[in-house]
Each structure stands twice: as C-alpha cells, then as structure tokens.
Amino acid sequence: MTSPADVPHLTPNQINALVVLMVEARRLTNVELKELAGFTLTGKDNKKLVDLGLVDTDKSRRTFAHELTDEGWRVARQLHTTAPPKQGGSTTRSLFVVLSNLHRSLDRLRVSHGDFFKQTGATAPAVGEPRHEAPAPAAAAPVSAAEVEALVRSAYRDLATAPGAWVGLADVRDRLADTDRAALDAALRTMVGREDVRIIPVANTKSLTARDRAAAVRIGNEDNHALAIGPA
C-alpha cells in the first residue's frame, strides 16, 4: 500500500477537486465544477495541483478545463491512506470514510477506479420522464487496440505504487480478466514500443510462480513478466 508520505499535503478544496475529477473521469471546466460541486479550481489551489503534476489544466479556453494526470489518479486513489486535513472539518472526514470504503470494495471486487468511474455516455431519464423498456442488447462490438491499451494503463495505475514502478503481468491480467487474451497480448506487444512503457522478463526465473509463467507475454522470442509505465 502507498504510504502517507507518497501523498502530498493538500487543502480541502484541492482534495475535493481531485475527488470530483476522479469520479467524473473526464475533463471538467470550472463552470461544470461549480454546477456539480459548488466550487471552481483557480488561483493557488489550481497552481499547486498543476505544479505537483496531479492536474492538467487547459487555459486556452474562456473557462479553464481540468483533468487528472496519471499521477493525479494515483494520489486520488490513495487519499484515504492519509489523515484528513483538520481545516476540512466533518465534511472532509466523511469524504475520507467514503474513499476508504470505496477502495476496500473495489479491491474486493477486483475493479479498478478507472473502470468503475468510466463514463458510459448513458443518461438516466429526468424526474417525471416516462421510462421505456430497454431494447435487447446488441452483440458487443470488438474492443479496439486503443481501448485495450487504455484498459492496461488504467489497471497499471491502480496496481503501481508510483509511476514507473514494476507490476507483475499476472496482476494486470487478473484486473483485466474479461479482456480477450489475444487482444491483451497484442496490446502489450504494441505498448512495449511506447516511450513510457517497459515490459521485461524476470531475471531470476526460479522466483516465478506458475501464475507468473501463465501470465507471461511472448515478445522477441522471450517470455516477459513485468510491466512499468512512466519514468524509468
């Protein structure tokens, strides 16, 4: 588990911003933040989150738009491991209780935060609007290579203790148990060519378990067992 030292000291407003950006899992403008949560991300709060590499802010538009970085996702997932800031009062403490229970439940269900909060595009009927019986589901469309890579990156963010840390492919495959094995292998072989991705074999093969061996991906006539995404 990530230690409290790996999570920077943040103000209640900065914490609220990270949490809202995580649960919405998309880029939000300050107008949307105001409508959804009653605050905007500006000034010192915005500068600190950007300087820490937790939030990417697009200032090219009339109203700033914000989105979590990979590091922002990591910190948002680990907020519950730290003590709530005293100036946040009971509201912030309650939020930390929710985050802690959310983390425990998702870990038990083996579902990543990214998958849990992923936007589906579906909207619920407005109050008073008639509800119609849903049509029979169509056959699932094949998952694209880009989508599989996004799933791998999301699983890695949930498993890694820090960007660039090594994660076993066995753990990644467990997180993506519903993903086609051939599609996942193809995505991993493509990703190894990315500048920020490293996939390697374990040098001490005697330390490998049967689970590790079964999860290996064959790249360059060699079985590979570990994945890292981020700075070396």
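Take the alpha carbon gyration tensor of segment 59-110, find the square roots of its eigenvalues, order them as a ≥ b ≥ c, and report rounded if a/c is under 1.5; if not, report prolate when a/b exceeds b/c, else oblate. Verdict is oblate for segment 59-110.
For segment 154-201, with all protein chains in place and a probe radius of 1.4 Å, 49% of the accessible heavy-atom surface sits on carbon or sulfur.
At what distance in angstrom do the alpha carbon centres of segment 11-59 and segment 65-88 lie from each other? Going from one Cα centre to the other spans 11 Å.
Distant-in-sequence amide contacts of THR29, defined by a placed amide H-H separation under 5 Å and a gap of 5 or more residues or a different chain, comprise HIS66. Inverting the pair-averaged 1/r between distinct Cα atoms of the chain gives 19.8 Å as its Kirkwood hydrodynamic radius. The base-10 log of I(q)/I(0) for segment 148-212, evaluated at q = 0.17, 0.27, 0.29 Å⁻¹, reads -0.61, -1.42, -1.49 [Debye formula, identical scatterers on Cα atoms, solvent excluded].
Using a probe of 1.4 angstrom, how much of the accessible area of segment 1-87 is carbon and sulfur, in percent? Ligands and nucleic acids excluded, carbon and sulfur reach 51 percent.
Descending by average beta-carbon neighbour count within 10 Å, the peptides 47-57, 12-22 line up as 12-22, 47-57, the highest first. Overall shape: rounded for segment 13-67, with the ratio a/c of the largest to smallest alpha carbon gyration tensor axis below 1.5. Computed from Cα positions, the angle between helix 181-191 and the longest principal axis of the chain comes to roughly 80 degrees. Take 100-113, 150-163 and order them by the average number of nearby Cβ atoms within 10 Å per residue, most first; the result is 150-163, 100-113. Taking the chain as the reference, fit the longest principal axis to its C-alpha atoms, fit the long axis of helix 145-159 to the helix C-alpha atoms, and give the angle between the two in degrees, 0 to 90, nearest 10. Its long axis makes an angle of about 80 degrees.
Annotation: per residue accessible area for the chain equals 58 Å², rounded to a whole number [probe 1.4 Å, protein chains only]. For the pair ASP51 and VAL192 in one chain, pulling the backbone fully straight at 0.36 nm per residue adds 47.9 nm over the alpha carbon distance.
The values are calculated or read from the model by the stated rules, or taken from the named source; none is laboratory data. What you see is a predicted model, and the numbers here were worked out from it, not measured in a lab. Note: ideal-geometry Cβ built from the backbone for every residue, glycine included; neighbour counts use all protein chains shown. The area values use the complete protein model at the heavy-atom level, side chains included, leaving out ligands, DNA and RNA. Shrake-Rupley method; radii C 1.70, N 1.55, O 1.52, S 1.80 Å.
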